Amino acid sequence: MKKTAVVWASQTGNTKEAAELIAGEIGREQVDLFEVSREVALQLPEYEMVIAGTSTWGMGELSYGWREAFPALGDLDFASTTVALFGLGDQRVYGDWYVDAMGILYDRFVARGATMVGAWPNSGYEFSSSKAFRDGMFVGLALDADNQHHLTKERIRRWVCSIRPHLD
Ligand SMILES: Cc1cc2nc3c(=O)[nH]c(=O)nc-3n(C[C@H](O)[C@H](O)[C@H](O)COP(=O)(O)O)c2cc1C
């Protein structure tokens with residue numbers, strides 16, 4: 001098992017809940033689970049595998065915790081790290097910016113050399129536009145606790161299955 005971190009920022013608890021479910025699905029004792037901060041971000045390159053979650057706020061912006069950590073990420077080297085992302089958003093009310101923050105994190109990790117895994121299909125979602133939607137797939141697991149909370153556990157189960165080969 002690779003040394004794995006699950007790291008999240010959350011304003012109302014939805015991303016935190018998803019992070020805990022993901023950690024539980026992998027095996028809670030096998031991962032380090034963190035709320036992101038600048039200090040936590042600085043430790044992330046020590047991990048072989050990072051699973052990072054953000055909700056989207058404003059109109060297509062990072063949640064507060066990632067806004068604080070984002071500048072530090074720009075100085076880090078993730079060339080030895082595999083990264084998988086998950087994003088929370090509201091496709092109905094914010095369908096022009098659905099899970100945009102996941103796309104913002106994606107671009108930053110790619111720019112710092114990370115190997116990205118965990119792309120996810122868009123079937124079952126209705127949105128107009130998303131920075132996290134590239135070449136017909138989401139760049140990571142898209143969740144919607146506001147409108148599709150009943151699908152969260154099953155989506156997480158399937159997504160963790162899909163990234164499991166990268167965890168071993
Ligand atoms: C003021 C406000 C702005 C939001 N902006 C967006 C947005 O631009 N895109 C999106 O997909 N979701 C947006 N959302 C929805 C949140 O991302 C969603 O409720 C999420 O589950 C919150 O997760 P958290 O509690 O972990 O922060 C917004 C919600 C609020 C209340």
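Within the set of pairs 6+ apart or on separate chains, which have a first residue in the range 70-99 that is under 18 Å from Thr12 (Cα atoms) and within 16 Å of the ligand (Cβ to nearest atom), a second that is part of a helix (DSSP H, G or I) and of a type in the set (Ser, Thr, Tyr), and C-beta atoms under 7 Å apart?
From residues that are under 18 Å from Thr12 (Cα atoms) and within 16 Å of the ligand (Cβ to nearest atom), the pairs are Leu88/Thr15.
From the list Arg108, Arg67, which residue is within 14 Å of the ligand (Cβ to nearest atom), of a type in the set (Lys, Arg) and in a helix (DSSP H, G or I)?
Arg67
Could you count how many residues in the range 31-73 are surrounded by fewer than 14 Cβ atoms within 10 Å (Cβ to Cβ) and either at pLDDT below 95 or charged (D, E, K, R) (or both)?
4
Test Arg157 against the stated conditions and say whether it is farther than 22 Å from Met59 by Cα and surrounded by 15 or more Cβ atoms within 10 Å (Cβ to Cβ).
Here the answer is no, as Arg157 does not meet what is asked.
Please verify whether Gly103 is farther than 23 Å from Asn147 by Cα and of a type outside the set (A, V, I, L, M, F, W, C), treating the condition exactly as stated.
No: the conditions fail for Gly103.
Tally the residues that are aromatic (Phe, Trp, Tyr) and out of contact with any helix residue (DSSP H, G or I) (no Cβ under 8 Å at 6 or more places or on another chain), restricting the search to the range 134-158.
Going through the range 134-158 one residue at a time, the tally reaches 0.
From the set of residues in the range 1-54 that are within 14 Å of the chain's Cα centre (by Cα) and assigned to a loop (DSSP other than H, G, I, E, B), which is nearest to Phe78 (Cα to Cα)?
Per the criteria, the residue is Val36.
The values are calculated or read from the model by the stated rules, or taken from the named source; none is laboratory data. Because the structure is a prediction, the values reported are computed rather than measured. Cβ atoms come from the backbone with ideal geometry, glycine included; neighbour counts cover every protein chain shown.
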